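The values are calculated or read from the model by the stated rules, or taken from the named source; none is laboratory data. Model, not experiment: these values are computed from the prediction. No Cβ is skipped: glycine too gets one built from the backbone with ideal geometry, and neighbour counts run over all protein chains shown.
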């Protein structure tokens, strides 16, 4: 029996962790003990607690209650608290997801005391180091022992950065092993898509017709905090919804909700408030999000996770950023980068609303990435 310590701190990480927790429960319960640590980096009842119940994830053994704050203060607090837990629990390895400050803190805390780091979603690169996430993911990769990339391009990025493809065990942060293993979020989407519609009423509650609405999400700091960008995004949504008489449903991230009246111009804000085609709703649960994604006609988002989920459910995606880590989506034509540019957003919408021959190749594995990851951890972590 080996002990793994899983770090989660933001809603996407809770969801990703569900795949590994489910694989352990169903197939490895006699071989792997999982300790879950919730840093509390993002804490909101709708954004965190409900997910544990809905996704069947074991409750965290530890909640560090870090809260929000500047990057340095938040990360430093998490490093200290994670190190305390590591010294107490003495796990065989730490499992980290993605690219948040919780990921960075876990990587620093574990690597400093020589506990192997397992990085899930390794190798992803936006090639934009002004994004905090890009710094976090690069630094985590370079202290990891086992690196699991969901895509071939992520794997190739690691090779370009000097990671060896054919090294031999024993593996360590000085001699790491890299994998192209598929995506745990694809595992989750397959598993939960069959029950999402039966267990949620989000479509009926908001009078949404299947394949006759746009789903939009906006949460990244450079979109919410910069008035020019935020105005461009909402100006475009107002125009698309009014000109095409199509609903845009917007589960509003708490951060964005606070900034609309502050950062939107008077005319854009007034137009938004009077626009009955834009349906602003509170944050939704994971199953509700899956139901919205499955039944939307087009998805507009600045979220990396939602970009992928759009692809999983074969929905065209308008990316509200200047770049993406998921370059495969753009390369195969199912997504377009529009940034916060009115013209580009409108052009992408018109293209996708008139195009029916998009392709969605099998880019993200076979839906069993979590099982593969568990097997490799058991094989090489002692």
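A quick yes/no check of all residues on (1) surrounded by fewer than 20 Cβ atoms within 10 Å (Cβ to Cβ); (2) under 28 Å from residue 233 (Cβ atoms):
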site	(1), (2)
178	no, no
183	no, yes
188	no, yes
191	yes, no
195	yes, no
198	yes, no
209	yes, yes
212	yes, yes
216	no, yes
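Name the one entry in 174, 167 that is over 16 Å from residue 137 (Cα atoms) and out of contact with any strand residue (DSSP E or B) (no Cβ under 8 Å at 6 or more places or on another chain).
Values: 167 fails: out of contact with any strand residue (DSSP E or B) (no Cβ under 8 Å at 6 or more places or on another chain).
Only one candidate qualifies: 174.
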Q: Look through 24, 15, 8 and report the one residue that is more than 17 Å from residue 371 (Cα to Cα) and assigned by TED's automatic domain parsing to the domain that holds residue 91.
A: 8
Q. Can you find a residue in the range 91-111 that is free of Cβ contacts under 8 Å to residues at least 40 places away in the same chain, assigned to a strand (DSSP E or B) and more than 19 Å from residue 75 (Cα to Cα)?
A. no
Q.
Quick test for you: out of 79, 94, 8, 118, pick the one residue that is surrounded by fewer than 24 Cβ atoms within 10 Å (Cβ to Cβ), on the phi < 0 side of the Ramachandran plot and modelled with pLDDT of 90 or more.
A. 79
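Let me confirm something: among 111, 144, which residue is surrounded by 24 or more Cβ atoms within 10 Å (Cβ to Cβ), modelled with pLDDT of 95 or more and within 21 Å of residue 4 (Cβ to Cβ)?
Going through 111, 144 in turn, just one is surrounded by 24 or more Cβ atoms within 10 Å (Cβ to Cβ), modelled with pLDDT of 95 or more and within 21 Å of residue 4 (Cβ to Cβ): 144.
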Q: Check 340, 348, 370, 335 and return the single one that is in the same structural domain as residue 232 (by TED's automatic domain parsing), under 24 Å from residue 196 (Cβ atoms), crowded, with 21+ Cβ neighbours inside 10 Å and touching a residue at least 12 places away in the same chain (Cβ under 8 Å).
A: 335
Q: Go through (1) free of Cβ contacts under 8 Å to residues at least 12 places away in the same chain; (2) more than 28 Å from residue 223 (Cα to Cα); (3) assigned to a loop (DSSP other than H, G, I, E, B) one by one and return the number of the condition residue 144 breaks.
A: (1)
Q: May I ask you to verify whether residue 89 is in contact with a helix residue (DSSP H, G or I) (Cβ under 7 Å, 6 or more places away or on another chain) and either modelled with pLDDT of 90 or more or surrounded by 13 or more Cβ atoms within 10 Å (Cβ to Cβ) (or both)?
A: no
Q | Given (1) modelled with pLDDT of 95 or more; (2) not assigned by TED's automatic domain parsing to the domain that holds residue 302, number of the condition residue 229 does not satisfy | A | (2)
(Q) Of the residues 228, 259, only one is surrounded by fewer than 20 Cβ atoms within 10 Å (Cβ to Cβ) and under 23 Å from residue 348 (Cβ atoms); which? (A) 228
Q: Scan 241, 291, 285, 236 and give me the residue that is crowded, with 20+ Cβ neighbours inside 10 Å and closer than 14 Å to residue 320 by Cβ.
A: 236
